[in-house]
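Let me begin by presenting the structure, written as structure tokens, before commenting on it.
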Amino acid sequence: MKILVTGGAGFIGSHIADAYIDAGHDVVVIDALDTGHLENVNPKAQFHKLDVRDSELSDLFVAEQFDVVNHQAARGNVRGSMEAPGIYADVNIIGGVNLLECSRKTGVKKFIYSSTGGCVYGEPQYLPADENHPLCPRDPYGASKASFELYLPVYAMNYGLKYTILRYPNVFGPRQDPLGEAGVVSIFIGQMLRDVQPVINGDGEQLRDYVFVSDVVGANLLVLESGDNEVFNLGWGKGISVNEIFRSLKEILAREALETHGPAKLGEVRQTFLSSEKVRRLLGWSPKVTLEDGLRKTAEFFRSNGHLKTKTAKCGPNDAV
């Protein structure tokens, strides 16, 4: 198959592109490189520096005649969305619709969308949250991701464009930005390795569902040819606190960092974790990499990369997914 991966120079998108190439598919990557990095792009992929809102995207679709679009590109920071909600709506909704229009005009067969289980449900009414939980985001980022979800059944009904929505938990692993404002695992690792004091937002008892990136990649492989017109949560179904993440990483890295807390952040959900019973039952997916193994793999990746720069960041639990 010929597959377009948007955001394919980013953390999750680059791992998905790698897996598709390893499976024998022809992969094209687009990325605006706002947060992505060229060194993440597989040399076997065709790369184009494009924003999902760009008008030139239609020319690329006509030229390449994609079978599948895997849409990972997004503005993905909860706190950033509180400060600039219009940008998040523009990229995550208008940019997504641009992709859908290009897809239906050129005969794309399937559209895979990465949504966020951590934000579309808001403060959950019950836990673990399943796919039937009401969508009630409490920040503009979550609202933009939930809003775009509504377009996919519309395009399926009117144009026959099949889709699968994957609602991600907090995804972590190699290539996640240790200098960003989201992705607590990579930020803590980066700070500890640079002997920079991490600051935990709030009391650190916020609960999240942490899943290693290779497990999320596995789900994206499965839905290439299954799970049509379905929504699936990905997760362990249990919550881990930010304090637990901090203490585990402190032990793994053998660092003496103090457990320091700062003010809680506006818009952050207190606790959320996801039921993945549906995807397990229908597709046979379940996470395989334990939290400890995933943290060790991620720490080893950053230990072996010398590109970390000095930066102080305060860390809540939210990841850019």
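The values are calculated or read from the model by the stated rules, or taken from the named source; none is laboratory data. Predicted, not measured: the structure shown is a model, and the values here were computed from it. Virtual Cβ from ideal backbone geometry, glycine too; neighbours counted across all protein chains shown.
Restricting to region 99-123, what's the tally of residues that are under 16 Å from ARG167 (Cα atoms) and either crowded, with 18+ Cβ neighbours inside 10 Å or of a type in the set (A, V, I, L, M, F, W, C) (or both)? Quick ask: steps written out before the conclusion?
Quick first cut of region 99-123, residues under 16 Å from ARG167 (Cα atoms) only: 111-123.
In the following step, the residues that additionally are either crowded, with 18+ Cβ neighbours inside 10 Å or of a type in the set (A, V, I, L, M, F, W, C) (or both) were identified as 111-122.
Within region 99-123, residues that are under 16 Å from ARG167 (Cα atoms) and either crowded, with 18+ Cβ neighbours inside 10 Å or of a type in the set (A, V, I, L, M, F, W, C) (or both) number 12.
Are there any helices (runs of 4 or more DSSP H) wholly within region 1-99 with 2 or more residues that are touching a Ser or Thr at 6+ places or on another chain (Cβ under 8 Å), and if so which? Give the steps one after another, and end with the answer.
Working: elements: 11-22, 57-64, 78-83, 85-89.
Fully inside region 1-99 and qualifying: 11-22, 57-64, 85-89.
Residues checked against (1) out of contact with any Phe, Trp or Tyr (no Cβ under 6 Å at 6 or more places or on another chain); (2) in contact (Cβ under 8 Å) with a residue 12 or more places away in the chain; (3) among the aromatic types (Phe, Trp, Tyr); (4) outside any helix (DSSP H, G or I):
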| residue | (1), (2), (3), (4) |
| --- | --- |
| GLU205 | yes, yes, no, yes |
| SER214 | yes, yes, no, no |
| GLY218 | yes, yes, no, no |
| TRP236 | yes, yes, yes, yes |
| LEU249 | no, yes, no, no |
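Looking at region 124-200, what helices (runs of 4 or more DSSP H) fall wholly within it and have at least 2 residues that are outside the structural domain of ASP67 (by TED's automatic domain parsing) and out of contact with any Gly (no Cβ under 7 Å at 6 or more places or on another chain)?
On the way: elements: 140-149, 151-159, 184-193.
Because the criterion is at least 2 residues that are outside the structural domain of ASP67 (by TED's automatic domain parsing) and out of contact with any Gly (no Cβ under 7 Å at 6 or more places or on another chain), the helices (runs of 4 or more DSSP H) in region 124-200 that meet it are 184-193.
Of LEU207, LEU258, LEU266, LEU308, which residue is modelled with pLDDT of 95 or more and of a type in the set (A, V, I, L, M)? So that I can check it myself, show each step before the final result.
Numbers: LEU258 fails: modelled with pLDDT of 95 or more; LEU266 fails: modelled with pLDDT of 95 or more; LEU308 fails: modelled with pLDDT of 95 or more.
The match here is LEU207.
Are there any pairs with C-beta distances below 8 angstrom linking a residue in region 47-72 that is closer than 17 Å to ALA9 by Cβ to a residue that is in a helix (DSSP H, G or I) and acidic (Asp, Glu), with the two at least 6 apart or on different chains, and if so which?
Close Cβ pairs (under 8 Å, with a partner that is in a helix (DSSP H, G or I) and acidic (Asp, Glu)) amount to ARG53/ASP90.
Spot the failing condition for GLU256; the list is (1) assigned to a loop (DSSP other than H, G, I, E, B); (2) touching a residue at least 24 places away in the same chain (Cβ under 8 Å); (3) more than 12 Å from PRO169 (Cβ to Cβ), and only one is missed.
Of everything listed in (1) assigned to a loop (DSSP other than H, G, I, E, B); (2) touching a residue at least 24 places away in the same chain (Cβ under 8 Å); (3) more than 12 Å from PRO169 (Cβ to Cβ), GLU256 misses just condition (2).
Which pairs have Cβ atoms under 7 Å, sit 6 or more apart or on different chains, and link a residue in region 93-118 that is of a type in the set (D, E, K, R) to one that is surrounded by 16 or more Cβ atoms within 10 Å (Cβ to Cβ)?
As it stands, the answer is ARG104/TYR155; ARG104/LEU161; LYS109/ASP67; LYS109/VAL68; LYS109/LYS162; LYS110/VAL68; LYS110/LYS162; LYS110/TYR163, since those pairs meet every condition given.
Within region 177-193, is even one residue within 21 Å of ALA84 (Cβ to Cβ), crowded, with 22+ Cβ neighbours inside 10 Å and at pLDDT 95 or above? It would help to see each step written out before you state the result.
Of the residues in region 177-193, the ones within 21 Å of ALA84 (Cβ to Cβ) are 177, 179-183, 187.
Cutting the leftovers down to crowded, with 22+ Cβ neighbours inside 10 Å gives us 182-183, 187.
From the residues that got through so far, the ones that are at pLDDT 95 or above too are 187.
Looking through region 177-193, at least one residue is within 21 Å of ALA84 (Cβ to Cβ), crowded, with 22+ Cβ neighbours inside 10 Å and at pLDDT 95 or above.
If we keep just the residues of region 1-57 that are of a type in the set (Gly, Ala, Ser) and surrounded by fewer than 15 Cβ atoms within 10 Å (Cβ to Cβ), which is modelled with the lowest pLDDT? Don't jump to the end; show me each part of the working.
Quick first cut of region 1-57, residues of a type in the set (Gly, Ala, Ser) only: 7-10, 13-14, 17, 19, 23-24, 32, 36, 45, 55.
Filter once more, so that each one left must be surrounded by fewer than 15 Cβ atoms within 10 Å (Cβ to Cβ): 23-24, 55.
Working: ALA23: 98, GLY24: 98, SER55: 95.
Ranking the candidates gives SER55 first.
Pull up region 141-155, narrow it to residues that are hydrophobic (A, V, I, L, M, F, W, C) and surrounded by fewer than 16 Cβ atoms within 10 Å (Cβ to Cβ), then point me to the one that is farthest from VAL68 (Cα to Cα).
Restricting attention to region 141-155, the residues satisfying the condition of being hydrophobic (A, V, I, L, M, F, W, C) are 143, 146, 148, 150, 152, 154.
Checking which are surrounded by fewer than 16 Cβ atoms within 10 Å (Cβ to Cβ) leaves us with 150, 154.
On the way: LEU150: 19, VAL154: 18 Å.
Per the stated criteria, the residue is LEU150.
Please name all residue pairs, on different chains or six or more residues apart, with Cβ atoms under 7 Å, provided the first residue is in region 6-28 and is free of Cβ contacts under 8 Å to residues at least 60 places away in the same chain and the second residue is aromatic (Phe, Trp, Tyr) and part of a helix (DSSP H, G or I).
VAL27/TYR20
Looking only at region 222-243, count every residue that is surrounded by 15 or more Cβ atoms within 10 Å (Cβ to Cβ) and among the polar types (S, T, N, Q) and tell me the total.
Step one: list which residues in region 222-243 are surrounded by 15 or more Cβ atoms within 10 Å (Cβ to Cβ), which gives 222-224, 227, 230-237, 239-243.
Pick out the ones that are also among the polar types (S, T, N, Q) and you get 233, 241, 243.
Total meeting the criteria: 3.
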